[in-house]
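Take a look at the structure set out below.
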Amino acid sequence: MSAVLDPSSSGRRKPRKEAAAPNPAAVNATAASFAALTAKLDYLAAAEVEQIRQAYRFADEAHLGQIRANGEPYITHPIAVAAQCAEWKLDAQAIMAALLHDAIEDCGVTKPELIERFGAPVAELVDGLTKLDKLQFDTREENQAESFRKMLLAMARDVRVILIKLADRSHNMRTLDDMPRSKWARISSETLEIYAPIAHRLGLNQTYRELQELAFRHLLPWRYGVLSKAVAKARSRRRDLIQKVQRDVEQAFEAVGIPIGIEGREKTLYSVYRKMDEKHLSFAQVTDIYGFRVIVPRVIDCYTALGVLHQLYKPVPGRFKDHIAIPKLNGYQSLHTTLVGPSGVNVEFQMRTEAMHVVAESGVAAHWLYKAEPADPDSADRLGTKWLQSLLDIQHETRDAAEFWDHVKIDLFPDAVYVFTPRSQIMALPRGATVVDFAYAIHSNIGDRTVAAKINGEQVPLRTELKNGDVVEVVTAAVSAPNPAWLGFVRTGRARSKIRHHLKTMAHAESRDLGEKLLTQALRAEGFERLPAEDEENQALWDKLLRFTGNRSRDELLTDLGLGKRIASMVAKRLVTLMAELGAKRDALLITRERYTAHENVSQGAVQLDGSENASVQYATCCRPVPGDRIVGYLGRGEGLVVHAEDCGVARRLQNKDAERFIGVEWSDDPVRPFEAHLLVTVVNGKSVLARVASALASAEADITHVDMDDERAQDACDLRFVVAVRDRAHLEAAMRTLRRTPAVLHVKRPRPGQ
């Protein structure tokens, strides 16, 4: 929580004038609170306690004159944060950093000054904790995102940073009543969305529960009040039942000779509220509000305790979980079972050892709780901290911050990744989401026009999966459109539906335009220059034609023609009959001119191709025609127009079987993109021969898009199969001449299927 400062003051410290003479009661309260802190430091050496005392004096002087919103001296806040860290038994450096955590931000103390006074490790901790108030942001969301990012990156350097940060947030939430009510919602939401999940992920169960409760109380005070009263009533009604269960359990364990500690465990109000909200339950339907925690001496006793309890009460099927054999990722271990207690009330039990209990409540901090104990070969198992131990080993032995960060961030939010826009806005996406998912999450227009992307300033493929903390920048182009291949790797439903919608719309429009060209071409062959207009005068004509074809609209008919679902010549003949009935006359000269060129499969109404076609036109992969090749067009059933080379064996077989589906096509004078062609290159086997062939193609400016070769290591010669991108036939022939002049190349040709 920020200090109340006088903006008109200058210098290193900025006290409020009215706070220049703090009242004696406040001074006494500060001294008393520091005395309470020192009482918790009995696990540290005397020299370390003295270092903490020096840090306190420095912080007290730095914050001199600053007061909190409740009128107490500001130093009470750092002392409270340090006290929480002492509860977790953190080391002296962490306690000192807790006392000094606001010194750089609020008091003008510099990092070099802290290094000189308290050493580099303490200064690094304080620097990692320093807020970003002095930086300028356009929006509050950016400030939150930037703070979140710095917090996590600081955590990568030292796990103690996050512990101190969580202690700081805990005390701020405990004193939130002193803040203006207008700030409650923002601070509480931030606590629920950022700090509570981190506490949970690190196993700080007690802190996690407290942060949730405090945030819930301030975010939704009315609902908190109603639920609080309901739980209190239920507690008083079931007091006798709970006491009976506790007596029965104690007697059962006494009978088998296992010493236990038993304590009641009540579900937090926030978890009750969330369960009611998510599952649409009434309060009466939430049955597992109460539970018991049974602490036993050894791991084997946990399983014995399970048997004792199952003999005492009947277990609820499907409600048993063994987190001892399979610990949670944050190191949590316990046996869970739900039993049908007296009066048919469900009661949940957790069985664990004392060491497991420490980890369950304190998580990462459990390392420091056991730090002073003698080395125990079973300590890792006893603490149940394989994940935690790996973090500590990396941090304290290898000092590999990058590896440490990878371990932590992967499971910080198990079901989501949190990434940033270049303007520091947080975006939440499902795990496995890619750059394209990110682009569509921003806006569908951004996704549709995405052509490239950068992650953390580096160019990456669009299929790259995002990781926590990535800064993602999307590059767009006005002429770009979604690629059907994106459907193979996008994860979000939004991206998938937007891509499909765009492709469907685009394919429909292109197929419609192609169908109009084909029908116009077929009509010219029948002696009519153009299609009848779609106006009131020709409406009856089009209605009759649609009844003949069975289509609902003119657009649907043209689209079917473009997709090859109907034959343009047949539709044109019917249209001519209908036009003749209305008195329209054919142009004999036009018929003669069309028929004169028909033997070449190319008429003056031929479809022009320049490479800009997308879904409606496909270039056959069997022969891969390029501009300059003689070509024919085949209207596949529902596939749109497929373009083959005229000498392609596949095209010839189709012509013999389905001649009416072939139409005239021709190349435009100005193709807009390169086209792919097959090349079969026979070479002498030898070292670097592939490199020499590739170099020859590069010198001819022919891009290689695919290469395949025979597995003929023992042979004198082998075949290399290339797919190369060229401008036209002349460019391809130039590339083939360059290859023929290359040493080790025996033969070059364009393979044709069926030849």
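Is it true that residue 536 is without any contact (Cβ under 8 Å) to a residue 40 or more places away in the chain and out of contact with any helix residue (DSSP H, G or I) (no Cβ under 6 Å at 6 or more places or on another chain)? In short, yes.
Condition first: in the same structural domain as residue 89 (by TED's automatic domain parsing), over 23 Å from residue 88 (Cβ atoms) and at pLDDT below 90. Can you find one or more residues in segment 194-210 that meet it? For segment 194-210, residues in the same structural domain as residue 89 (by TED's automatic domain parsing), over 23 Å from residue 88 (Cβ atoms) and at pLDDT below 90: absent. Scanning segment 569-599 for residues that are outside any helix (DSSP H, G or I), modelled with pLDDT of 70 or more and either under 22 Å from residue 617 (Cα atoms) or not small (Gly, Ala, Ser) (or both) turns up 582, 585, 586. For segment 702-715, the candidate set comprises residues that are out of contact with any Cys (no Cβ under 9 Å at 6 or more places or on another chain) and exposed (fewer than 15 other Cβ atoms within 10 Å of the Cβ); within that set, the residue that is modelled with the lowest pLDDT is 714. Give segment 528-560 a look and list any residue that's outside any helix (DSSP H, G or I) and within 19 Å of residue 585 (Cβ to Cβ), or say none. Of everything in segment 528-560, those that are outside any helix (DSSP H, G or I) and within 19 Å of residue 585 (Cβ to Cβ) turn out to be 528, 529, 530, 531, 532, 533, 537, 538. The condition of being in a loop (DSSP other than H, G, I, E, B), surrounded by 14 or more Cβ atoms within 10 Å (Cβ to Cβ) and either of a type outside the set (Gly, Ala, Ser) or touching a residue at least 60 places away in the same chain (Cβ under 8 Å) (or both) holds for residue 566. Do we find a residue being closer than 22 Å to residue 169 by Cβ, in the same structural domain as residue 103 (by TED's automatic domain parsing) and at pLDDT below 80 anywhere in segment 51-68? No, segment 51-68 contains no residue that is closer than 22 Å to residue 169 by Cβ, in the same structural domain as residue 103 (by TED's automatic domain parsing) and at pLDDT below 80. All told, residue 249 falls short of being touching a Leu at 6+ places or on another chain (Cβ under 9 Å), surrounded by 17 or more Cβ atoms within 10 Å (Cβ to Cβ) and not in a helix (DSSP H, G or I).
Go through segment 468-490 and give me each residue that's surrounded by fewer than 17 Cβ atoms within 10 Å (Cβ to Cβ) and assigned to a loop (DSSP other than H, G, I, E, B). 477, 478, 479, 480, 481, 483 - these are the residues of segment 468-490 that are surrounded by fewer than 17 Cβ atoms within 10 Å (Cβ to Cβ) and assigned to a loop (DSSP other than H, G, I, E, B). Assess whether residue 753 counts as being over 20 Å from residue 646 (Cβ atoms), in contact (Cβ under 8 Å) with a residue 12 or more places away in the chain and either among the small types (Gly, Ala, Ser) or outside any strand (DSSP E or B) (or both). Against the criterion (over 20 Å from residue 646 (Cβ atoms), in contact (Cβ under 8 Å) with a residue 12 or more places away in the chain and either among the small types (Gly, Ala, Ser) or outside any strand (DSSP E or B) (or both)), residue 753 does not qualify.
So, of the residues in segment 647-682 that are out of contact with any Gly (no Cβ under 6 Å at 6 or more places or on another chain) and of a type in the set (Gly, Ala, Ser), which turns out to be surrounded by the fewest Cβ atoms within 10 Å (Cβ to Cβ)?
Across segment 647-682, the extreme among qualifying residues is 659.
The values are calculated or read from the model by the stated rules, or taken from the named source; none is laboratory data. Worth saying up front: this structure is predicted, and the values here are computed from it rather than measured. Cβ coordinates were reconstructed from backbone atoms using ideal geometry, including for glycine residues, and neighbour counts include every protein chain displayed.
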